[in-house]
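Accompanying notes for the structure given below.
The values are calculated or read from the model by the stated rules, or taken from the named source; none is laboratory data. Just so we're clear, the structure is a prediction, and the values are computed from it rather than from any experiment. A quick note on method: Cβ atoms are made from the backbone with ideal geometry, for glycine too, and the neighbour counts reach across all protein chains shown.
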Amino acid sequence: MPSSKPIKPAAKPSAIELAPTLAIVDAPFDVEETEQPFGKRWGGEIMTLTQEHLDALHNGKLVAVDVMNEYVVFLRLQNESNPSGGREICPN
């Protein structure tokens, strides 16, 4: 005999959770051998910010970073106009 219990509709997700895109780490890690904190990656670089870079960020400028001669990442300081921090896609 079939069950008389009502079937509940599937719960709708309230938000899509994205993987983290920024992390503070104690030291560089082998991106090809570990899956932390972003999952498997195929390369990595160390870039050092100078006091000039930090001053520029504090003055509302962005720091453009060339990544492996293929991508550009724009760093900015979190402030009132960008309170959430995080990531956004650049317009073409």
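Can you say whether M68 is on the phi > 0 side of the Ramachandran plot and either surrounded by 10 or more Cβ atoms within 10 Å (Cβ to Cβ) or at pLDDT 85 or above (or both), as far as the supplied structure shows? Yes, satisfied. Among residues of segment 71-85 being surrounded by 10 or more Cβ atoms within 10 Å (Cβ to Cβ) and modelled with pLDDT of 75 or more, the one that is farthest from I46 (Cα to Cα) is N79.
Just name the residue that is modelled with the lowest pLDDT out of those in segment 26-65 that are among the β-branched types (V, I, T) and over 22 Å from C90 (Cβ atoms). The selected residue is T34.
Just one residue in the set L62, L54 is among the hydrophobic types (A, V, I, L, M, F, W, C), surrounded by 10 or more Cβ atoms within 10 Å (Cβ to Cβ) and either in contact with a strand residue (DSSP E or B) (Cβ under 7 Å, 6 or more places away or on another chain) or touching a residue at least 40 places away in the same chain (Cβ under 8 Å) (or both); that residue is L62.
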